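K.L.:
One structure follows; several queries about it will come next.
The values are calculated or read from the model by the stated rules, or taken from the named source; none is laboratory data. Since this is a predicted model, take the numbers as computed values, not measurements. Cβ coordinates were reconstructed from backbone atoms using ideal geometry, including for glycine residues, and neighbour counts include every protein chain displayed. These area figures cover heavy atoms from the full protein model, side chains too; ligands, DNA and RNA do not enter into them. Shrake-Rupley method; radii C 1.70, N 1.55, O 1.52, S 1.80 Å.
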Amino acid sequence: MLEKQLKYIKSKTDFIPEIAIVLGSGLGQLAEEIDTVATIDYKNIPEFPVSTAPSHKGRFVFGTLNGKKVVIMQGRVHLYEGYSSKQVVEPIRLMKMMGAKILFLTNAAGGINEDFKIGDFMVIDDHISSFVPSALIGENDDSLGARFPDMSRVYSKGLNDIIFETAQEMGLEIKKGVYVQFTGPNFETPAEIRMAEIIGADAVGMSTAVEAMAAKHCGMEVCGISVISNMACGKSKTPITSEEVNETADRVAPLFKKLITQSVGKF
Ligand code: HPA
């Protein structure tokens, strides 16, 4: 199936990206910064998982960002839409097959760590994916990666250092932490967030960890940033809404675009 999808992409563009970027909820604006060569709607790709989330556009954008050849996913699919972990990571594997060696993941996440505030950026240092099915369950494709891949360093230290350095140059204070993925679509209960805190999570969301795992499996260099769009359940007095998540993403979009664009230039 991946071969068929790759063939379709190749029939539309001969562009070979070096870096793949996944844009999370409300963060699609980065695509405007790209010197666009081609765009391909997911719905036109054979048997491709199509996002149903309202703020997700659902297309690949190919082009140059700050001198680097990139493919951007404007919108991703989630487990809560009914897709399996394996389906969710298909686009990641496809971008690797297109030529991308680096994967830059982004998302909106709830802040668990009480040192975080709404609007903060958290560089993902590690993740907990134990609450969602592994993307690697099922027959292993040995041409992609090992049956039992090592996960001791999923997120590249080198790339994370570049993001920190870039933030410092921008005068922007950013955080670092562990991301925990739950399936959603419901936000968590206070007890679930207390548990997540105890096991070492700093931020919570409904994506990213399975994608990072699949990318590591197929030998990509991975990094990721969470935008803290709200404080996690029980960490604030107000109920969480998707409107709040999107409002925060919109508010920090200019700074977020700048951080990603400048960092990618140094990758
Ligand atoms: N929980 C889960 N996913 C999220 C949250 C949250 O608080 N905020 C944004 N995505």
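K.L.:
With an 8 Å cut-off on Cα pairs and a minimum separation of 6 or more residues, tell me the relative contact order of region 1-127 in percent.
P.N.:
33
K.L.:
Stretched out fully, how many nm does the piece from residue 4 to residue 173 gain, at 0.36 nm a residue minus the Cα gap?
P.N.:
Gain on stretching residue 4 to residue 173: 56.5 nm.
K.L.:
Tell me which of 189, 166, 130 sits at the most positive position along the dipole axis of the chain, charges placed on C-beta atoms (Lys, Arg +1; Asp, Glu -1).
P.N.:
The residue sitting most towards the positive pole is 166.
K.L.:
Given contacts defined as C-alpha pairs under 8 Å and at least six residues apart, what's the relative contact order of the chain, whole-number percent?
P.N.:
Value for the chain: 26 percent.
K.L.:
Assuming a viscosity of 1.567 mPa s and a temperature of 4 °C, what translational diffusion coefficient in µm² per second does Stokes-Einstein assign to the chain, Rh being the Kirkwood radius over Cα pairs?
P.N.:
For these conditions, the coefficient is 71 µm²/s.
K.L.:
While we're looking at this one, here's another question. Can you give me the orientation-averaged projected area of the convex hull built on the Cα atoms of region 168-267, in nm²?
P.N.:
For the Cα atoms of region 168-267, the hull's average projected area reads 7.7 nm².
K.L.:
How large a share of the accessible area of the chain, in percent, is made up of carbon and sulfur atoms when the probe is 1.4 Å and the other protein chains stay in place?
P.N.:
Here carbon and sulfur together make up 51 percent of the probe-accessible area.
K.L.:
Sketch the reach of a paramagnetic label on residue 243 as a point 7 Å from Cα along Cα-to-Cβ, and name the residues of region 29-46 whose backbone nitrogen lies under 17 Å away.
P.N.:
Within reach of a label on residue 243: no residues.
K.L.:
While we're on this one: Restricting to lysines 8 or more places apart or on different chains, can you count the pairs in region 1-94 with Cα atoms under 17 Å from each other?
P.N.:
9
K.L.:
Which residue, 73, 106, 40, has the largest displacement toward the positive end of the dipole of the chain when charges sit on each Cβ (Lys, Arg +1; Asp, Glu -1)?
P.N.:
40
K.L.:
Residues of the chain: accessible area per residue at 1.4 Å, in Å²?
P.N.:
43
K.L.:
Using 0.36 nm per residue of separation minus the Cα-Cα distance, give me the extension gain between residue 64 and residue 131 in nm, one decimal.
P.N.:
Full extension of this stretch gives 20.5 nm more.
K.L.:
Another question, then. If R₀ is 22 angstrom, what is the calculated FRET efficiency for the pair residue 195 and residue 114, using the beta carbon separation as r and rounding to 0.05?
P.N.:
With R0 = 22 Å, the Cβ-Cβ based efficiency is 0.90.
K.L.:
Using Cα springs under 10 Å in a Gaussian network model of the chain, which residue among 69, 12, 96 shows the largest mean-square fluctuation?
P.N.:
Result: 12 has the largest fluctuation of those listed.
K.L.:
Another question about this same structure. Å³ per residue of the Cα convex hull, for region 1-93?
P.N.:
88
K.L.:
Okay, moving on. Which whole-number percent is the relative contact order of region 165-204 (Cα, under 8 Å, 6+ apart)?
P.N.:
53
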